[in-house]
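The values are calculated or read from the model by the stated rules, or taken from the named source; none is laboratory data. Fair warning: this is a prediction, and the values are worked out from it, not measured in the lab. In this analysis, Cβ positions are derived from the backbone assuming ideal geometry, glycine residues included, and neighbour counts consider all displayed protein chains. Remember, those area values only see protein heavy atoms, side chains included, never the ligands or the DNA or RNA. Shrake-Rupley method; radii C 1.70, N 1.55, O 1.52, S 1.80 Å.
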Amino acid sequence: MKNIIIFGAPGSGKGTYSAAIVERFGMGHISTGDVLRGEIKQGTELGKIAKDYIDKGQLIPDQLMIDILALHYDSHPTEKGVIFDGFPRTIPQAEALKQMLAQRGHDLGMMIELVVDQDTLMKRLLRRAVEEGRADDNEETIRKRFEVYHSQTEPLSLWFAAQGIRHTFDWSICKTKEGMIEAIFREIERENGIKS
């Protein structure tokens, strides 16, 4: 199986679709948020360094994040492929990930881009904030997250396109979660030569 990078704006469903892909194809799943929390909770050396940056309100350096991801990547059986959820977020991170995988004789695989209009994303995130009791997820902070995504992360879409691995799925065409999932499954099967 090819590795998969799942990509999209906040609220586009990266976690939901990653879980569906893992269940269907038995792939490994690396969520940067979960990985970081795990390293910090276990008090590993890398976790302590990461916590120091977070406690100071600083971004974790790309190389540190790659070192942490490499450890987790190496713990998965690579013949089934791995989903990267929440990483990379910038072009330098994507280049570092590509290099880390190349050192292991692997490649990026395929990038799945989830395209959802901003009004739908806003409604989803506000609903999730209420359901999960996340007071910090209000309209103002969500708009700031969109700004960061558009300025820092969205340019990656063109980088993946230039690598020839971008596969785009548009909510306005698929209409439902089930429609998106089925379209994604078909593309993964096609890319991996799997007969359904």
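Looking at segment 31-49, can you tell me whether even one residue there is touching a Lys or Arg at 6+ places or on another chain (Cβ under 6 Å), of a type in the set (Gly, Ala, Ser) and within 23 Å of His106 (Cα to Cα)?
No, every residue in segment 31-49 fails to be touching a Lys or Arg at 6+ places or on another chain (Cβ under 6 Å), of a type in the set (Gly, Ala, Ser) and within 23 Å of His106 (Cα to Cα).
Of all residues in segment 65-86, how many are in contact with a strand residue (DSSP E or B) (Cβ under 9 Å, 6 or more places away or on another chain), open to solvent by less than 80 Å² (accessible area, probe 1.4 Å) and not in a loop (DSSP other than H, G, I, E, B)?
Of the residues in that region, 8 qualify.
For segment 135-154, enumerate the residues that are open to solvent by 80 Å² or more (accessible area, probe 1.4 Å) and assigned to a loop (DSSP other than H, G, I, E, B).
Hits for segment 135-154 are Ala135, Asp136.
Taking the condition under 29 Å from Lys175 (Cβ atoms) and either surrounded by 15 or more Cβ atoms within 10 Å (Cβ to Cβ) or charged (D, E, K, R) (or both), does Ile21 pass?
yes
More than 29 Å from Ile188 (Cβ to Cβ), basic (Lys, Arg) and at pLDDT 90 or above, is that true of Lys51?
No, not satisfied.
Name the pairs whose Cβ atoms lie under 6 Å apart, with the first residue in segment 132-156 and on the phi < 0 side of the Ramachandran plot, the second surrounded by 10 or more Cβ atoms within 10 Å (Cβ to Cβ) and not in a helix (DSSP H, G or I), and 6 or more positions between them or separate chains?
Correct list of pairs: Arg145/Pro10; Tyr149/Ala9; Gln152/Thr90; Thr153/Arg89.
Just for segment 176-192: of the residues that are β-branched (Val, Ile, Thr) and open to solvent by 20 Å² or more (accessible area, probe 1.4 Å), which one is modelled with the highest pLDDT?
This residue is Ile181.
Which of the residues that make up segment 32-64 are assigned to a helix (DSSP H, G or I), of a type in the set (S, T, N, Q) and surrounded by 14 or more Cβ atoms within 10 Å (Cβ to Cβ)?
Thr32, the sole residue that qualifies.
Which condition from (1) surrounded by fewer than 16 Cβ atoms within 10 Å (Cβ to Cβ); (2) not in a helix (DSSP H, G or I) is the one that Glu113 breaks?
(1)
Answer with yes or no whether Gln99 is under 18 Å from the mean Cα position of the chain (by Cα), among the polar types (S, T, N, Q) and loosely packed, with under 13 Cβ neighbours inside 10 Å.
So Gln99 fits the description; yes.
Which residue, of Arg128, Arg89, is assigned to a helix (DSSP H, G or I) and either in contact (Cβ under 8 Å) with a residue 40 or more places away in the chain or hydroxyl-bearing (Ser, Thr, Tyr) (or both)?
On inspection, the qualifying residue turns out to be Arg128.
Given the structure, is Ile173 within 20 Å of Ala9 (Cβ to Cβ), open to solvent by less than 60 Å² (accessible area, probe 1.4 Å) and either touching a residue at least 24 places away in the same chain (Cβ under 8 Å) or in a helix (DSSP H, G or I) (or both)?
It is false that Ile173 is within 20 Å of Ala9 (Cβ to Cβ), open to solvent by less than 60 Å² (accessible area, probe 1.4 Å) and either touching a residue at least 24 places away in the same chain (Cβ under 8 Å) or in a helix (DSSP H, G or I) (or both).
Being modelled with pLDDT under 90 and more than 12 Å from Asn3 (Cβ to Cβ) is the filter here; which residues of segment 69-102 pass it?
If the condition is that a residue be modelled with pLDDT under 90 and more than 12 Å from Asn3 (Cβ to Cβ), then Pro77, Gly86, Arg89, Thr90 are the ones that fit.
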